Amino acid sequence: MTKYILLLSLLFPLKGLASEIKMDHAELKPLGKVIQTNAQITQLSGQKQEIVSRLPGHLEAYFVTPGQQVKKGDKTILIESIELSKMTAEHLALLEQSKAAEAQKNSTMNLYKKGLTSQNDLNSAIIALEEIRSRQNALTSQLKSLGIRPEKLKQATDQLILYAHADGVVGEILAPLHSNVDSQKPVMTLVNQSAYYAVAYLSVDDAMQISTETKGWLKVSTKTYPSHFVQLLPNIDEETQRAKVLFQIEQSPSNLLLGSFAEMDISLAPYYNTVMVKKSALTLFQGEWVIFVETKHEGDKHGDKEANGHDDDTHEKEDHNEGEHEDHDAGEEVSYVAKSVNIIAFAGEYVAIEGISANEEYVSAGVYFVKSMMLKSSLGEHGH
């Protein structure tokens, strides 16, 4: 089936058309046996973090809510801890003790230099100072690990703030507000949304055909996400008696719903090269699957006559009309041909077809506009 439509500037503005119609080249891509199955969206265990309180205390406030996006270092929880109050009070006391011990050491050093005190007295002063500094350094390290800046402390505090360890989304709130929490008890989960995975359920026979080159395409709502093989999981699903294959979703968004199921296409070995075009290029036209390809004609009036089926009177009439629009560039005519194709298999955003050659240019976007003008042209011809 071959059908032409001349998209002249008189019929449709070429500048507006160019912004809507996009062209691509048919590609040779490897394709194997394509199967369709269900897959569950998941994440690896390491991507789900638990925020814990390292000190016992009273859960005073949450600064976040479930589903909220947070950045590393953002405040999440406020806990009032008596233990922290003791630690900060001890830290301030050690600061004063350190100053006094250092003054004592310096005084003993001066007396020793004058021969007024013994070496043992000087050693005792030095040891006392080092013991205080050792305790002070240990406490300073502990406070820093809790997110407290010791150098900023002016008085004892019981306000322990828990911060997000990484970028992510708040998952579950595990401890209710105003409850008492123990040290190391999880109070909230944080989901790292940097990567999503899909567990596909396949028959054992199909699972045995999986290789490192296996590709998949996960369909979520109106979007399709390419995925690559990660691992054949060792256990059969007890409920479905099917093998489980782990895929990593490439360029996944950050709002996929964990635990949800979606349809997945998987291409299995053996692979062979086949011509593929974007799925958006396919359309039904006069009962057949077609794609549109572009042809150009350099002012060939005779060819236009044959292509459009105009008689001489009609052609003369068109010549007269074109004379009224001399300002338009009608030297080059752009036509689109609807080519019938056979669909072999769908593979994510692409479809393997017969009826077009590799590297042949085709309309990949704006198919609606070409098809619409083609149909208008057909109605116009019937009216002649």
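Here is how the numbers come out for the structure above:
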| read-out | value |
| --- | --- |
| Burial ordering of Ser227, Ser53, Ser260, Ser221, fewest other beta-carbon atoms within 10 Å first | Ser221, Ser260, Ser53, Ser227 |
| Per-residue Cβ neighbour rank within 10 angstrom, fewest leading, Phe261, Phe229 | Phe261, Phe229 |
| Order of Thr295, Thr283 - criterion: other Cβ atoms within 10 Å of each residue's Cβ, fewest first | Thr295, Thr283 |
| Given Lys33/Lys223; Lys86/Lys154; Lys29/Lys376, the pairs whose alpha carbons are separated by over 25 Å | Lys29/Lys376 |
| Calculated from backbone phi, Karplus (6.51, -1.76, 1.60) coupling profile of the range 21-35 in Hz, x at Gly/Pro | 8, 10, 10, 9, 10, 4, 10, 8, 10, x, 9, x, 5, 9, 10 |
| Amide H within-cut-off set for Tyr350, under 5 Å, with H built and near neighbours excluded | Lys279 |
| Charge sum, other residues only, whose C-beta stays under 13 Å from Ala200's C-beta, Lys/Arg counted +1 and Asp/Glu -1 | 0 |
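Since every read-out is calculated from the coordinates, none of them should be taken as a lab result. Note that the structure is a prediction, hence the values are computed from the model and not measured. Note that each Cβ is placed from the backbone with ideal geometry, even for glycine, and that neighbours are counted across all protein chains shown.
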